[in-house]
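Have a look at the structure below before the remarks.
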Amino acid sequence: MDGTMKMIQRSRFYYTRYNNTGPIKMNRVYSKYSQECAEKFAHAHPDVTLPPSPLQTTAAFSIKNVFPADRAMELSQFITTKIEENDPRFAKDDLQVRIATPLKTLGTVILDVLKNPEIDRALLNFFRGYYRVESIAASRTLPTNRVTGSWLWHCDTFPPCTCKLFLHLTPANADRGATEFMDRKDTMAFRDAGYFGQYPNERVGNLDEFAAAHNIPYRPFHLDAEPGDVTMFNQNYFHRAIAPKTSFRDTVQLFFLPNPVPWKEQYDKDPDFLNNNMVSFPKDPAIPGSSSGGAAGMMGA
């Protein structure tokens with residue numbers, strides 16, 4: 001990024017409009033596509049009223065008891081067993097265990113979370129219409145003293161009009177790796193003061209000193225979760241992964257884009273797509289998995 005473009009993308013007008021500091025072409029393409037999908041939905045469903053999504057103003061909110069708790073814990077135990085067996089699908093480092101092709105490895109049962117009416121309504125409200133699953137990731141976050149990458153304050157710089165969902169397979173709280181978030185107001189305050197957390201070399205793990213130096217509030221929050229709970233998540237607000245203190249944390253993460261048809265109809269067109277997609281978000285949002293707009297592998301938060 002040249003200096004002029006970086007200055008534009010880090011201007012208040014720009015990041016207030018798009019809630020990111022990413023490329024202007026990406027933001028325009030996704031904004032236009034999202035509007036087209038929302039207009040199509042509104043035309044087809046004139047009697048449906050969609051209230052504003054909480055993700056317009058805050059990074060995350062929770063929905064309880066979405067997925068059977070016993071099934072979530074069974075999946076967590078399956079992960080433990082496969083790690084102990086040194087299954088190559090479970091790649092371990094000192095920060096986390098990444099689980100390859102979650103739909104194959106853990107099973108399509110994880111998509112049952114989208115059959116919950118409260119989840120469906122929350123996603124309809126956010127997208128102002130239909131949505132699709134673009135990619136799935138799963139991981140086990142491990143206790144560690146090392147703080148790097150997603151364990152530092154950042155925003156994902158994903159396209160606007162996209163969001164994520166965490167399905168919790170284990171408890172998540174202050175001691176078990178609950179992600180820390182900031183709301184929109186505080187995210188914008190840190191951007192206004194010059195903190196963007198876009199690139200690894202400009203991220204920090206604690207913003208106390210920065211906040212004090214710029215006289216802005218530092219009010220991170222987390223959401224406690226139990227197995228089977230869901231955290232809805234706008235990845236373009238500031239957040240950071242937190243290493244568990246007492247035990248691991250297991251999550252499945254779904255990433256969503258706007259879509260002109262319901263997610264299940266899209267999924268049934270190509271059930272293997274989510275096993276084969278290696279792109280975090282497509283360059284053209286109208287074409288699932290189209291040439292990369294972002295690298296694969298979205299875990300860490």
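Out of region 1-38, which residues are in contact (Cβ under 8 Å) with a residue 24 or more places away in the chain, surrounded by 13 or more Cβ atoms within 10 Å (Cβ to Cβ) and assigned to a helix (DSSP H, G or I)?
First, pick out the residues of region 1-38 that are in contact (Cβ under 8 Å) with a residue 24 or more places away in the chain: 10, 12, 15-16, 18-22, 26-27, 29-31, 33-34, 36-38.
After this cut, where a residue has to be surrounded by 13 or more Cβ atoms within 10 Å (Cβ to Cβ) as well, the list is 10, 15, 18-22, 26-27, 29-31, 33-34, 36-38.
Hits for region 1-38 are Y15, Y18, M26, N27, V29, Y30, S31, Y33, S34, E36, C37, A38.
Can you tell me which residues in region 139-195 are of a type in the set (G, A, S) and within 21 Å of Y15 (Cβ to Cβ)?
Residues satisfying the conditions are S150, A189, A193, G194.
When you look at L257, is it in contact with an Asp or Glu (Cβ under 9 Å, 6 or more places away or on another chain), buried (at least 16 other Cβ atoms within 10 Å of the Cβ) and under 19 Å from R28 (Cα atoms), yes or no?
Yes.
Return the residue satisfying two criteria in turn: it lies in region 110-120 and is out of contact with any Phe, Trp or Tyr (no Cβ under 9 Å at 6 or more places or on another chain) and either touching a residue at least 24 places away in the same chain (Cβ under 8 Å) or of a type in the set (D, E) (or both), and of such residues it is surrounded by the fewest Cβ atoms within 10 Å (Cβ to Cβ).
So, considering only residues that are out of contact with any Phe, Trp or Tyr (no Cβ under 9 Å at 6 or more places or on another chain) and either touching a residue at least 24 places away in the same chain (Cβ under 8 Å) or of a type in the set (D, E) (or both), the one surrounded by the fewest Cβ atoms within 10 Å (Cβ to Cβ) is E118.
How about region 46-84: which of its residues are under 26 Å from R128 (Cβ atoms), touching a residue at least 12 places away in the same chain (Cβ under 8 Å) and hydroxyl-bearing (S, T, Y)?
S53, T57, T58, S62
Which one of these is in a loop (DSSP other than H, G, I, E, B), acidic (D, E), surrounded by fewer than 19 Cβ atoms within 10 Å (Cβ to Cβ) and touching a residue at least 12 places away in the same chain (Cβ under 8 Å): D94, D87?
Only one candidate qualifies: D94.
I'm trying to understand the selection: among the residues of region 121-163, which are within 22 Å of A42 (Cβ to Cβ), assigned to a helix (DSSP H, G or I) and in contact (Cβ under 8 Å) with a residue 12 or more places away in the chain?
Within region 121-163, A122, L123, L124, N125, F126, F127 meet the criteria.
Would you mind listing the helices (runs of 4 or more DSSP H) fully within region 188-301 where at least 1 residues are more than 30 Å from F78 (Cβ to Cβ)?
Filter on region 188-301 gives 208-214.
Taken together, the values in this text are just the output of simple stated rules run on the coordinates, not laboratory data. Values in this document were obtained by computation on a predicted structure and should not be read as measured data. Every residue, glycine among them, receives a Cβ derived from its backbone with ideal geometry; neighbour counts consider all protein chains shown.
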